[in-house]
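Novice: First the structure, then my questions, so here it is.
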Amino acid sequence: DDTIRLTDLAHQMGIKAQDLIKKLFSLGVMATINQSLDFDTALLLAAEFKYEVERAGFSEDDFLLPKEADKAEDLKPRPPVVTIMGHVDHGKTSLLDAIRSTSVASGEAGGITQHIGAYHVATSRGEIVFLDTPGHEAFTTMRARGAKVTDIVVLVVAADDGVMEQTKEAVSHSKAAGVPIVVAVNKMDKEGADPDRVKRELSDLGLMPEDWGGDTIFAHVSAKKREGLDELLELILLQAEVLDLKANPDKPGRGHIVEAKLDKGRGPVGTVLIQEGQITQGDAFVCGMISGKVRAMFDDQGRQIKTAGPAIPTEIQGFEGIPEAGDEFVIVKDEKVARKIAEDRRVKHRDKELAKESKVTLESFLATK
Ligand code: GDP
Ligand code: MG
């Protein structure tokens, strides 16, 4: 099991074994120089001396499939992934709904769309994937977890209201993430709509419209009247062309969770946005601290599929627990490997939390003295 000899720990920390024993004593633990410490004790002790301890002997890199660099000829164009942001009530949800229903109405049979956290829209000029959770929270949570999922931000600004607090926030989040912005000036049907004012105010934030000599794309839309939507989609694709988005579809899949939940009948389900490679039914995977095996997969229309490639939102069944938005989803060799990696991540996570706790205890202890 995980134990370490007291002398070895002292040696690794570059302090005398006697000092460790004294520290243990002050913590109420009697120890001798020949003793072995269990991992949790070593962890607490190390934290006291402001060290971090990591369990040795396991590196997930030994188990994950090798990450080989893609050859240029293996990279294929992929659809852009778009997040909608903007001030409350400026029409984010309405715009998402309008785009979805327009595309469903003109599209395939069985237009009952399920809410899976993302959907894709087919236009004559190409596909676009929309993340279905408007708002800054999802965006920043994902980014904080190291998941770069979004290629383009559509910034919704109500033409009758102009730039507001959350508009500014959205601009700064997007800029910080290095994600280009396409502006959708919404509510153009309303009396008092003043798109030039929106342009002026956004110019002040560094988003200069193209027709004023800048490079920010503006579209005029009405989510309510469903006007200007085709043009908006075209402009998004135009922006995507500039980005030259590509991925290798021909290797084990990797992606991120955009939404997850516990379904009464089906157990944990998660929507994965695949970023490279393929996910196929039967694949074993690890996702954050959870492992699993792809038992069933569905597209954004709720149709069962056997396999999916880059930028396709896919709902997956077969998680051993509920993953979190932003978790990375990686195909591994088999279920045994998946469990091993997930278990190791859980242990390491717990260790970190413990170390944090013991630091906090020590700090508050000193503070109250
Ligand atoms: P969100 O908070 O940004 O998601 O905004 P919503 O989509 O919930 O819209 C807020 C309100 O604005 C709702 O009452 C919508 O019906 C209304 N709304 C949204 N888009 C338009 C539009 O293009 N024109 C008009 N007149 N109203 C709109
Ligand atoms: Mg909304």
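Novice: If you check VAL185, VAL129, VAL163, VAL154, which single one turns out to be touching a helix residue (DSSP H, G or I) at 6+ places or on another chain (Cβ under 9 Å), at negative phi and away from ligand 1 (no atom under 13 Å from the Cβ)?
Specialist: Going through VAL185, VAL129, VAL163, VAL154 in turn, the sole match is VAL163.
Novice: Also: When the stretch 335-369 is examined, which residues are found to be touching a strand residue (DSSP E or B) at 6+ places or on another chain (Cβ under 9 Å), loosely packed, with under 14 Cβ neighbours inside 10 Å and either at pLDDT 95 or above or among the small types (Gly, Ala, Ser) (or both)?
Specialist: none
Novice: Does at least one position in the stretch 189-205 carry a residue that is hydrophobic (A, V, I, L, M, F, W, C), modelled with pLDDT of 95 or more and either buried (at least 20 other Cβ atoms within 10 Å of the Cβ) or in contact with a Ser or Thr (Cβ under 7 Å, 6 or more places away or on another chain) (or both)?
Specialist: yes
Novice: Another question, if that's okay. For a quick check of your reading of the model, give me the residue pairs whose first member lies in the stretch 87-100 and is closer than 18 Å to GLU165 by Cβ and in contact (Cβ under 8 Å) with a residue 40 or more places away in the chain, whose second is part of a helix (DSSP H, G or I) and of a type in the set (Lys, Arg), with beta-carbon atoms closer than 9 Å and at least 6 apart or on different chains.
Specialist: That search, which allows pairs on different chains as well, returns HIS87/LYS168.
Novice: Given the criterion at pLDDT 75 or above, surrounded by 14 or more Cβ atoms within 10 Å (Cβ to Cβ) and more than 16 Å from ligand 1 (Cβ to nearest atom), identify the matching residue among ARG78, ARG100.
Specialist: ARG78
The values are calculated or read from the model by the stated rules, or taken from the named source; none is laboratory data. Everything numeric here is computed off the predicted structure, so don't read it as measured data. For neighbour counting, all protein chains shown are included, and Cβ atoms are generated from backbone atoms with ideal geometry for every residue, glycine included.
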